[in-house]
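Data first, discussion second: the structure below is written as structure tokens.
The values are calculated or read from the model by the stated rules, or taken from the named source; none is laboratory data. What you are looking at is a predicted structure, and each value in this text was computed from that prediction instead of being measured. Every residue, glycine as well, gets a Cβ built from its backbone with ideal geometry; the counts of neighbours run over all protein chains shown. Only protein heavy atoms, including side chains, enter the accessible area calculation; ligands, DNA and RNA are left aside. Shrake-Rupley method; radii C 1.70, N 1.55, O 1.52, S 1.80 Å.
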Amino acid sequence: MLKKSSLVLWGAALFIAWNGLLLLFLWSRPASPSEGDRLTAEVIRLAQDAETELEQQKELLRQIHRYSGLWGQRRGARITPKPPPPPSPAPLRLTDPAGTVLPVLVMACDRSTVRRCLDKLLRYRPSAQRFPVIVSQDCGHAETARVIASYGDAVAHIRQPDLSDIPVPAEHRKFQGYYKIARHYRWALGQIFRTFHYRAAIVVEDDLEVAPDFFEYFQAAFPLLLADRSLWCISAWNDNGKEQMVDVGQAELLYRTDFFPGLGWLLLAELWDELEPKWPRAFWDDWMRQPEQRRDRSCVRPEVSRTMTFGRKGVSHGQFFDQYLKFIKLNDRFVPFTQLDLSYLKKEEYERSFLPKVYAAPEVRVEELQGNRRRELGTVRLQYSGRDSFKAFAKALGLMDDLKSGVPRAGYRGIVSFVYRGRRVYLAPPSDWTGYDPSWS
């Protein structure tokens, strides 16, 4: 291109020089006045035409240079697909974060049923530019790779380069899969935040199906995560979200929770800056629930889950799936979260309203709940005094009864909100609660 430009310019310069010499020659040549004037006018006209032609050539060269860059980019995109571009480096305004790109990172391995996950993500996302889908595949499973590739440019496909076995203690040999999952998460999140430089990301796994308002939910909650540093994630999941235990008529209801739910969650790049240097070798989700990582921060979670899992088989061998997970209610009603005021979820406002409401509820015994008595009371509270009473009440009422570092699933300040036989129940510690006891795990 540069060579072609030089030739055109040299040709134009020689053309003008020749006409200049011709003009000089004609001026010095004896001739009649009329003939001399006529020749001079003709040469001047030719020189002007040459200047016009030169300007046209220069403009043509500028256009070729401009479009050649675009053609090169298109050819490169066909040869080597690249993940969607990172967000603009322009400063983010907390009052208007709508321009921020929120990629969806899909963690995949050897489930060809990832198609079910991807189909719903692509069906419900409102904007391919705002919500690019990036599938990170571990395991090297050929059939799963073919399924991902079948979506073409609709998704970006990146592959974990290290598929080797990981040296583990002898007693953890059967947990090799958990070590590989932790390694994959570290690599994939590193790609999102270090290589592509995204501001935030939504993480899902290949066995999750999303609700129609999945993207609406995260788009609306994102400003909360930016504004309230007592939050460290937004989750689409309610651990106790079985259909009979949630109020589907209040699908817009959101809570704070001290339990890290995962299963469709949004995090900021700053959190990855904090976690990456100490990322664990295995069991990353339980590690996230330890006090050293949580640091008294909370997540936002919905009354009705915006994800559901259809993956019974996996490294956990279906743990909890048959008893809890397959019964989780997936929201089917679109809630316009971006039009709602979610400021009630900020820490100070939430505790001003939520805690008095809980402890103002009349206290009942578990037998009264099971017998469906005292219905006239409406919302009620069931109080536990320790680890054993919590687990006994949770089992009796159908809640998940396990604790991680002393934190109950879906709990906030020890309080678990759920629906039992059509009425709201708060399973709560005494009002003088002083904090979680990690020995309860």
Might you check whether a residue that is closer than 20 Å to Gln191 by Cα, touching a strand residue (DSSP E or B) at 6+ places or on another chain (Cβ under 9 Å) and in contact (Cβ under 8 Å) with a residue 40 or more places away in the chain occurs anywhere in the range 140-148?
yes
Only one of (1) open to solvent by 30 Å² or more (accessible area, probe 1.4 Å); (2) touching a helix residue (DSSP H, G or I) at 6+ places or on another chain (Cβ under 9 Å) fails for Arg365. Which number is that?
(2)
Just to verify a result, which residue in the range 412-421, among those that are closer than 21 Å to Lys326 by Cα and not hydrophobic (A, V, I, L, M, F, W, C), is most open to solvent (accessible area, probe 1.4 Å)?
Arg421
Restricting attention to the range 422-441, which residues are open to solvent by 20 Å² or more (accessible area, probe 1.4 Å) and more than 22 Å from Glu348 (Cα to Cα)?
Gly422, Arg424, Asp437, Pro438, Ser439, Trp440, Ser441
Which members of the range 368-403 meet the condition of being surrounded by 12 or more Cβ atoms within 10 Å (Cβ to Cβ) and farther than 30 Å from Gln290 by Cβ?
Glu368, Leu369, Gln370, Arg373, Arg374, Leu377, Thr379, Val380
Only one of Leu105, Leu122 is surrounded by 19 or more Cβ atoms within 10 Å (Cβ to Cβ) and either in the same structural domain as Asp206 (by the TED database) or touching a residue at least 60 places away in the same chain (Cβ under 8 Å) (or both); which?
Leu105
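Matching residues to (1) modelled with pLDDT of 95 or more; (2) in contact with a Gly (Cβ under 7 Å, 6 or more places away or on another chain); (3) on the phi < 0 side of the Ramachandran plot:
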residue	(1), (2), (3)
Pro277	yes, no, yes
Asp286	yes, no, yes
Val300	yes, no, yes
Arg306	yes, yes, yes
Asp322	no, no, yes
Phe337	yes, no, yes
Ser343	yes, no, yes
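If you go through the range 117-144, how many residues are of a type in the set (A, V, I, L, M), under 20 Å from Leu208 (Cα atoms) and assigned to a helix (DSSP H, G or I)? Give the steps one after another, and end with the answer.
Looking only at the range 117-144, we keep the residues that are of a type in the set (A, V, I, L, M), and these are 118, 121-122, 128, 133-135, 142.
Pick out the ones that are also under 20 Å from Leu208 (Cα atoms) and you get 118, 121-122, 128, 133-135.
From what's left, assigned to a helix (DSSP H, G or I): 118, 121-122.
Within the range 117-144, residues that are of a type in the set (A, V, I, L, M), under 20 Å from Leu208 (Cα atoms) and assigned to a helix (DSSP H, G or I) number 3.
Does Lys357 satisfy being open to solvent by 70 Å² or more (accessible area, probe 1.4 Å) and in contact with a Lys or Arg (Cβ under 8 Å, 6 or more places away or on another chain)?
no
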All-but-one check, Ala170 against (1) open to solvent by 60 Å² or more (accessible area, probe 1.4 Å); (2) touching a residue at least 12 places away in the same chain (Cβ under 8 Å); (3) more than 20 Å from Ala211 (Cβ to Cβ), failing number (2)
Contacts under 9 angstrom Cβ, first residue in the range 419-441 being at positive phi, partner open to solvent by 20 Å² or more (accessible area, probe 1.4 Å) and not in a loop (DSSP other than H, G, I, E, B), 6 or more apart
Arg421/Gln244; Arg421/Gln370; Arg421/Arg375; Gly422/Gln244; Gly422/Arg375
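I'd like to know if the range 145-159 contains one or more residues that are at negative phi, among the hydroxyl-bearing types (Ser, Thr, Tyr) and either assigned to a helix (DSSP H, G or I) or more than 27 Å from the chain's Cα centre (by Cα) (or both). If you could, list the steps in order and put the result at the bottom.
Let us first name the residues in the range 145-159 that are at negative phi, namely 145-151, 153-159.
Next cut, among the hydroxyl-bearing types (Ser, Thr, Tyr) only: 150-151.
With either assigned to a helix (DSSP H, G or I) or more than 27 Å from the chain's Cα centre (by Cα) (or both) added as a condition, the list becomes none.
Within the range 145-159 (the criterion being at negative phi, among the hydroxyl-bearing types (Ser, Thr, Tyr) and either assigned to a helix (DSSP H, G or I) or more than 27 Å from the chain's Cα centre (by Cα) (or both)), the answer is no, since none of the residues qualifies.
Residues checked against (1) more than 17 Å from Pro132 (Cβ to Cβ); (2) crowded, with 22+ Cβ neighbours inside 10 Å:
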| site | (1), (2) |
| --- | --- |
| Val204 | no, yes |
| Leu208 | yes, yes |
| Pro212 | yes, no |
| Phe218 | no, yes |
| Ala227 | yes, no |
| Ser230 | yes, no |
| Ser235 | yes, yes |
| Asp239 | yes, yes |
| Lys242 | yes, no |
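Determine which member of the set Glu270, Glu274, Glu303 is of a type in the set (Asp, Glu) and open to solvent by less than 10 Å² (accessible area, probe 1.4 Å).
Glu303
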